[in-house]
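The block underneath contains the structure these notes are about, expressed in structure tokens.
The values are calculated or read from the model by the stated rules, or taken from the named source; none is laboratory data. Model, not experiment: these values are computed from the prediction. Reconstructed Cβ throughout: ideal geometry from the backbone, glycine too, with neighbour counts over all protein chains shown.
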């Protein structure tokens, strides 16, 4: 039996239960359908095109087919755990769908502070989810974890959309936040990653005010630097979620245009710090002071 849930600004009707997502309002029309089907065996690369359709194969998990940004057909591999199937469905598969629909997915976690979306972008292990979870404990709302989907309003301003109401954190990150992994559910059976429920979840969209690109530094303390122009656009492009999929699908020009538009309308900053024991709280406080000061639109662009 299918259920309608809400994420990334979309009403998703799915034959696979997605308890990570909130239920959609009664009567809302579905934007996307997820169906369980049997698909022909896949003998091509993980993402490929065939007869105008897009296919994604995740070995030992599932085979996905995408149609026009409106349908995801899922052929679940024998023995695959439901949680693992959902992890790829709400990750890589959503990345494909967003590119098809002309949305911009970022590899980022985001919170809402004073009505503004603040995103933390970077590769796996950069600290995106850890920072977002920390700021929730400071009273900010959760918006999304690991994948931040951005659209553009009628005025051209970027909007970041809510998604799953939990964060996926490594055991070390949980200890840094003073939480015990033993009390939480694993994100995937074979990983030391756990699901941390959001303390307060923002519903719908929030204007995307800042994107912080997280990185490591050799010297102590947090260093924040604003990027402008081509440097900002390139930094956004480097953090587009599943950009390699968009390239295979022939959508690189679309992604470049969206990333450039975001860089023009949003504050893009690098935020680097040394990974020192005991320094996380102080560095996070400095970052919070930076984004709490005033909207990025009111700050002068970097020289």
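What strands (runs of 3 or more DSSP E) completely inside the range 20-98 contain at least 2 residues that are modelled with pLDDT of 95 or more and under 18 Å from residue 243 (Cα atoms)?
Qualifying strands (runs of 3 or more DSSP E): 53-58, 62-67.
I'd like to verify a number: residues in the range 1-19 that are out of contact with any strand residue (DSSP E or B) (no Cβ under 6 Å at 6 or more places or on another chain) and in a strand (DSSP E or B), how many?
Result for the range 1-19: 3.
On the basis of being surrounded by fewer than 20 Cβ atoms within 10 Å (Cβ to Cβ) and under 30 Å from residue 134 (Cβ atoms), does residue 40 make the cut?
no
Looking at 144, 148, which one is modelled with pLDDT of 95 or more, buried (at least 22 other Cβ atoms within 10 Å of the Cβ) and under 27 Å from residue 281 (Cβ atoms)?
148
Show me the helices (runs of 4 or more DSSP H) entirely contained within the range 193-283 in which 1 or more residues are within 30 Å of residue 83 (Cβ to Cβ).
By residue number, 243-248, 252-265.
Can you tell which of 199, 184 is modelled with pLDDT under 85, under 30 Å from residue 158 (Cα atoms) and surrounded by fewer than 18 Cβ atoms within 10 Å (Cβ to Cβ)?
199
Return the residue satisfying two criteria in turn: it lies in the range 113-138 and is in a loop (DSSP other than H, G, I, E, B) and touching a residue at least 60 places away in the same chain (Cβ under 8 Å), and of such residues it is nearest to the chain's Cα centre (by Cα).
Selected residue: 122.
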